[in-house]
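The values are calculated or read from the model by the stated rules, or taken from the named source; none is laboratory data. Treat the numbers as computed from the prediction; the structure is a model and nothing was measured. Backbone-built Cβ (ideal geometry, glycine too); neighbour counts: all protein chains shown. Remember, those area values only see protein heavy atoms, side chains included, never the ligands or the DNA or RNA. Shrake-Rupley method; radii C 1.70, N 1.55, O 1.52, S 1.80 Å.
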Amino acid sequence: IGSTPREKEYPKPKESLSDALKQVKMIGPDAKVGDQVDFSIFEPMYERELEGMAKIEAIEQQTFEGAPTKVFRIRSTMPSLGIDSEAVVAGDGTTLEDTIGGLVKMRLEPKEVAQDVQYNNDVIVSNAAVLDKPINAARTRESIDLKITGPITADHLFNNDRQQFTAVDGGYKFVGKKASVAGLPPLKVPVQESSVAEWLKPSTFVQSDDPRLVAKAHEVAGDETDAFAISSKLCEWVHSHVETTFSAQLTNALEVLENPRGDCTEHSILFIGLARAAGIPAREVAGLIYVETPKPGFYFHQWATVWVGKWVDIDPTFNQPLADATHIKLGEGDLFEQAKLVPVIGRLRIEVLEDAQAVAAEKEKP
């Protein structure tokens with residue numbers, strides 16, 4: 001990872017060839033709707049083994065390459081991630097289509113169809129909760145009230161001093177506030193609290209013990225010893241030094257330091273690596289943020305949270321040492337925790353409730 005070899009040893013997983021061929025095993029001549037098998041898969045990215053269940057939900061006829069074809073619809077569920085996938089499998093075991101989390105679809109197609117460059121889909125817009133009009137003073141307002149509907153579960157409900165979810169008819173009321181450190185006493189680095197020590201440790205994608213990250217963190221921090229002041233400096237440095245461009249790769253802090261370009265994931269992972277290297281506990285946050293282009297709406301986004309006496313959201317992509325009120329946190333922690341957002345991406349609908357700030361501003365006008 002990031003040109004740095006790491007070696008870890010795990011217990012032998014339960015996964016076997018039988019698990020990999022689960023769909024082929026299920027579609028024999030005696031297969032029927034309702035048949036199911038349990039399976040196990042070791043996922044290197046998450047560094048853990050995941051348990052799941054696959055079930056035949058339908059057996060039907062489809063036309064494939066001009067010929068009637070018997071197909072099996074098989075739904076696989078991994079409860080620990082909250083992700084379902086549905087595969088359409090032919091009788092010979094060929095997977096014709098696989099839809100993961102209702103979001104990513106892989107399909108077997110003729111070459112001329114697969115290479116049709118006229119087809120396009122703006123994934124960023126199609127997965128956003130688009131609004132019918134812009135939000136007034138989105139970046140500077142102190143708070144925002146929203147109604148959010150969609151497949152939100154307990155895994156996505158984060159309540160703290162910056163945001164609150166309250167169940168309402170058909171969804172959740174969300175109240176977001178701008179992050180604040182008002183009244184918080186200074187906290188010197190390195191932070192010593194044992195309760196947050198986990199978020200000082202290096203990890204697979206956050207190599208905060210690497211001499212290059214440590215040297216850069218100390219260079220940016222200078223003589224400053226206050227955790228929030230250093231976080232603010234690191235936020236500004238990452239924002240100004242990382243070129244903003246779309247990225248579809250799975251990246252890590254060291255790679256971004258060496259090749260400073262990317263989107264919110266690159267900005268946040270580098271910031272977290274530098275913060276930990278400076279002695280400040282930091283972790284990843286994922287959710288939605290309001291953006292006006294290409295269309296006004298809430299888009300998938302990643303940022304960070306740092307411990308400076310309490311957890312404070314900070315967004316290096318937008319150079320916000322105190323994240324604005326439109327940040328909706330739905331996931332927090334490592335890659336495994338962030339993967340739990342897959343079932344909700346592109347499926348949320350957001351309504352802006354009465355814009356109290358806009359109403360007050362209108363009343364102030366002569």
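Table for the structure above
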read-out: Label-point separation, GLU7 to LEU21 (7 Å along Cα→Cβ), nm; value: 3.3
read-out: For the range 22-136, Kirkwood radius (reciprocal of mean inverse C-alpha pair distance, Å); value: 16.7
read-out: Test item: Cα-centred dipole of the range 96-248, Lys/Arg +1 and Asp/Glu -1 on Cβ, debye; value: 420
read-out: With every protein chain in place, the chain: carbon and sulfur % of accessible area (1.4 Å); value: 53
read-out: The range 22-179 - accessible surface per residue (Å², probe 1.4 Å); value: 58
read-out: Candidate aspartates and glutamates - alpha carbon under 20 Å from LYS12, same-chain residues fewer than 8 apart omitted; value: ASP38, GLU43, GLU47, GLU49, GLU51
read-out: Gyration tensor over alpha-carbon atoms, the range 89-213, equivalent ellipsoid semi-axes in Å; value: 40, 27, 17
read-out: Rounded to 10°, Cα long-axis angle of helix 211-221 versus longest principal axis of the chain; value: 40
read-out: Using θ = phi - 60° and Karplus 6.51 cos²θ - 1.76 cosθ + 1.60, couplings along the range 68-82 (whole Hz; Gly, Pro as x); value: x, 9, 6, 10, 10, 9, 10, 9, 10, 10, 10, x, 5, 9, x
read-out: The range 262-307: Rg to Rh, with Rh as the Kirkwood radius over Cα pairs; value: 1.09
read-out: 0 to 90° range, to nearest 10: angle between helix 227-241 axis and the chain longest Cα axis; value: 60
read-out: Taking all pairs of distinct alpha-carbon atoms in the range 157-217, Kirkwood radius in angstrom; value: 15.5
read-out: FRET efficiency estimate (nearest 0.05) - Cβ-Cβ, VAL125 to THR225, R0 41 angstrom; value: 0.40
read-out: Compactness index (Cα Rg / 2.2 N^0.38 Å), the chain; value: 1.13
read-out: Dipole moment magnitude, nearest 20 debye, the chain about Cα centre, only Lys, Arg, Asp, Glu C-beta charged; value: 460
read-out: Computed [θ] at 222 nm, helices only, for the chain once each DSSP H run of length n ≥ 4 contributes -39500 (n - 2.57); value: -5500 deg cm²/dmol
read-out: Degrees between helix 264-277 axis and first principal axis of the chain (Cα, 0 to 90, nearest 10); value: 60
read-out: Cut-off 17 Å, label 7 Å out along Cα→Cβ of ALA215, residues of the range 228-265 by amide N; value: 254-260
read-out: Size of charge dipole - the range 158-286 - debye, nearest 20, with Cβ of Lys, Arg +1 and Asp, Glu -1, no other charges; value: 340
